[in-house]
1. Calculate, for the chain, the solvent-accessible area per residue in square angstrom, rolling a 1.4 angstrom probe over the heavy atoms of the protein chains.
2. Using a probe of 1.4 angstrom, how much of the accessible area of the range 29-109 is carbon and sulfur, in percent?
3. Taking R0 as 41 Å, what's the FRET efficiency between SER28 and LEU183 from their Cβ-Cβ distance, rounded to 0.05?
4. Within the range 131-236, report the GluC sites (Glu not before Pro) that DSSP leaves as loop and that have at most 12 other Cβ atoms within 10 Å.
5. For GLU93 and GLN40 in the same chain, what is the full-extension length gain: residue separation times 0.36 nm, less their Cα-Cα distance, in nm?
6. Below 8 Å, C-alpha to C-alpha, sequence gap of six or more: please give me the relative contact order for the range 29-109 in percent.
7. Quick one: with all protein chains in place, what share of the accessible area of the range 131-237 is carbon or sulfur, to the nearest percent (1.4 Å probe)?
8. How far, in degrees from 0 to 90, does helix 117-126 lean away from the longest principal axis of the Cα atoms of the chain, to the nearest 10?
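The values are calculated or read from the model by the stated rules, or taken from the named source; none is laboratory data. Predicted model only: the values in this text are computed from it and were never measured. All Cβ positions, even for glycine, are placed from backbone atoms using ideal geometry, and neighbour counts span all protein chains on display. What goes into the accessible areas is simple: the full protein's heavy atoms, side chains included, and nothing from ligands, DNA or RNA. Shrake-Rupley method; radii C 1.70, N 1.55, O 1.52, S 1.80 Å.
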Amino acid sequence: MERSGTGYEGVRAVILDAVGTLIDPAPSVAEVYAGAARRQGLEVETGEVRRRFKEHFRRDELDDLRGPMVTDESIEYRRWRRIVGGVLPGLAEPDRAFLELWEHFGRPDAWRCFDDVIPAVGLLREAGLAVRVGSNFDGRLRQVLRGLPGLEPLADSVVISSEVGYRKPHPSFYRAACDRLELPPPVVLSVGDDPENDDAGARRAGLSAALIDRSGRVGPRPGVFPDLVSLAAAVVG
Ligand SMILES: [Mg+2]
């Protein structure tokens, strides 16, 4: 298909972020963590869990940004153990809670797929673009995608930081993704909901990038889209 006048004419492949872009936890992370605490007799308000999760997840990401951003499956496992311990201190059996949560978020039924994902991926593929998933999630992402109706084909097209060895927004993550596509960075479009990991980081690595802003927090500006279908429509022209 001939594409023109969109600003994305040269794009030949799209790398979609997973969490917050394709899928979201349902029930929420806070509800699931509060449930794990409750099973051990500890009542924690979901609002408090949400606040602590944000704090500990963010702190871990900041530690990463100051360091080499290297990762693998065991580093991710330890990261989540640390986060769970920080969010739910004082549990009688912290290992049990961690394992329950690790297992929970590796199951497809812990996630919902946003309504616009399947039509957007369809539009991109019909236009002849390669579509990949690029994520800081770990190897559990494949089984999650495989179990969500309509997302199964994407399970075999994932680039996962724990397998590449670098987390987004490290340029080596994006380079690895482009190498696998056998395409140069400028013709690859990174799409996601995180301004640093999916947008700024990708641009620094030479890729094209677009931000999905489902909540309207960032507001309208070039390169920001309220959902995936409007992004896909702009890309395919
Ligand atoms: Mg995300």
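1. Numbers: 10920 Å² over 237 residues.
About 46 Å² of surface per residue is accessible.
2. Values: 2500 of 4570 Å².
Carbon-and-sulfur percentage of accessible area, whole number: 55.
3. Working: r = 36 Å, r/R0 = 0.89.
So, using R0 = 41 Å, E works out to roughly 0.65.
4. Values: sites: GLU163, GLU182, GLU196; in loops: GLU182.
Answer in residue order: GLU182.
5. Values: separation 53, 0.36 × 53 = 19.08 nm, distance 0.75 nm.
Full extension of this stretch gives 18.3 nm more.
6. Working: 50 pairs, mean separation 29.7, N = 81.
About 37 percent, as a whole number.
7. Numbers: 2150 of 4170 Å².
Solvent-exposed carbon and sulfur of the range 131-237 make up 52 percent of the total.
8. 30
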